[in-house]
Amino acid sequence: MLNTLKPFLQDAWVKSGFQNTTLIQEAAIPVILEGKDLIAESPTGTGKTLAYLLPLLNKIDPTSQSLQAVVLASSQELVMQVYQEFQKWSEGSGIRGTSIIGGANVKRQLEKLKKRPHMIFATPGRLMELIKQKKVKMHEVKMVVLDEGDQLLIPEHLTTVKDIVKSTLGDRQVSLFSATMKAGTENLAKEITNEPEVLRIERDEAASSGEVEHIYFVCEPRDKIKLLEKIVRLEHIKALAFINDIGEIQIFNEKFQFKELSTGILHSDMKKLERQSELKAFRDGKLKMLIATDVAARGLDIQGVTHVVQIDLPKDIDQYVHRAGRTGRMGANGIVISIVTEREERELKGYCRQLNVPLAKRIFYKGQIAEMEQKPRR
């Protein structure tokens, strides 16, 4: 399948050091190359970005001056991550791309648009603003991708996303990718696609061969912060911790900063540059833990996350899957730690039963995670 792609993509593949394509790449690339619409569900960490980026790059005509493809994502971080992949894979192709995100300097974005990009990577709100101001001309766009599509088709984005899709060529090609797909999302996706092919990848052994252990600690709500502190102090840890309330993040962060612990935060109310610098510090290993809300961490691919910590229980099973999928990627092992109250313990057990994953209760003993029976009796 890769040998059908243009030489610059084959060169980039060799350079990337990837051995084999993943299941979603094998299934999606031919469909997009054929020009069909696509709705694809594939777990976190299975290589969805390249599943659409490679065929898009293959179909762009670099000799034309027009904008030909738009990739939409719900968060600034995800847009920037995909744009970085674009920069890597489009090298030497003459294909121009730019990113357009809310919270960034509009003037600078307008400057970038003057360079006539062939591809735009964007958050929906800011792109729609620029379309309305006639700064982005969509009439020749023939390919649209919705990345983390289930997040783009929620009520607050839905009208904007539909309007963006409608502003493109009549015979456009629309592809939607997501790690989880509820029936409602799929129905909405069908409204903006034309006779789409629907792909569902259950699990990709090649992409996620790492063992992931699911464990939990029980404590009172007010003691969650103490447990989190013990987790931060573990050696060789690179943990992504999830919290549901933005207000709580600040409290945790201040306490940890006071104790000079190696933690950072990520949430949607932060300024773009703050978010970027926290993410970079975490990616580079300067921070042992990043405490984040689900929205901010959605779709982020951070290499080498050893632990996912749930300070608050996820609101549903899909969210559990998304969070857990941040560790144990590409063959590495990982641990998912949930910190629950006695009341939440039942709910957590319910999730794990449904997902068919073994769950074990743990305690801290002498600063290390220990099994219940390891603690010596007095």
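Bear in mind that the values in this text are calculations on the coordinates, not laboratory data. Since we're looking at a predicted model, the values are computed, not measured. Note that we place each Cβ from the backbone using ideal geometry, even for glycine, and neighbour counts take in every protein chain shown.
What share of the DSSP beta bridges in the chain is antiparallel, in percent to the nearest 5?
Numbers: 4 of 55 bridges.
Just about 5 percent of them are antiparallel.
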Exercise. For helix 272-283, what angle does its Cα long axis make with the longest principal axis of the chain, in degrees from 0 to 90 and rounded to 10?
Worked result: 60 degrees
Exercise. Pairing the Cα long axis of helix 7-16 with the longest principal axis of the chain, what angle in degrees results, from 0 to 90 and rounded to the nearest 10?
Worked result: 10 degrees
Exercise. Over the range 212-374, what is the mean sequence separation of C-alpha contacts under 8 Å (at least six apart), divided by residue count, expressed as relative contact order in percent?
Worked result: 35 percent
Problem set entry | Mean separation of Cα contacts under 8 Å, 6 or more apart, over the residue count of the chain: relative contact order % | 18 percent
Seminar exercise, completed: Cα-based Rg/(2.2 N^0.38 Å) for the range 203-356, rounded to two decimals, is 0.99
Exercise. Leaving out same-chain residues fewer than 8 places away, which lysines sit with a Cα under 19 Å from that of residue 107?
Worked result: 115, 132, 134, 135, 137, 271, 272
Exercise. Which value results when the Cα radius of gyration for the range 125-164 is divided by 2.2 N^0.38 Å?
Worked result: 1.20
Seminar exercise, completed: In degrees, nearest 10, the alpha-carbon axis of helix 246-258 is tilted away from the dominant principal axis of the alpha carbons of the chain by 60 degrees
Exercise. How long are the three semi-axes of the equivalent ellipsoid for the range 2-200, computed from the Cα gyration tensor as the root of 5 times each eigenvalue, in whole Å, largest first?
Worked result: 23, 21, 15
Exercise. Fewest to most neighbouring Cβ within 10 Å: what's the order for 171, 318?
Worked result: 171, 318
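Note down the net charge around residue 341, summing +1 for each Lys or Arg and -1 for each Asp or Glu among other residues with Cβ under 11 Å from its Cβ.
On the way: positive: 222, 224, 343, 346; negative: 220, 223, 312, 342, 344, 345, 347.
Summing Lys/Arg as +1 and Asp/Glu as -1 gives -3.
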For this session: Work through the residues other than residue 261 whose Cβ is under 9 Å from its Cβ and net out their charges, Lys, Arg +1 and Asp, Glu -1.
Result: +2
Problem set entry | Burial ordering of 329, 233, 362, 200, fewest other beta-carbon atoms within 10 Å first | 200, 233, 362, 329
Exercise. What is the Rg over Rh value, at two decimals, for the range 110-229, using alpha-carbon atoms and the Kirkwood definition of Rh?
Worked result: 1.13
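Counting Lys and Arg as +1 and Asp and Glu as -1, what is the net charge of the other residues whose Cβ lies under 11 Å from the Cβ of residue 91? Don't skip to the end; give the middle numbers.
Details: positive: 15, 88; negative: 11.
Here the charged neighbours net out to +1.
Beyond 35 Å, what percent of the Cα pairs of the chain remain? Don't jump to the answer; show the numbers that get you there.
Working: 19802 of 71253 pairs.
For the chain, the fraction of Cα-Cα distances above 35 Å is 28 percent.
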Problem set entry | Helical mean residue ellipticity (222 nm; -39500 (n - 2.57) per DSSP H run of 4+; nearest 500) of the chain | -12000 deg cm²/dmol
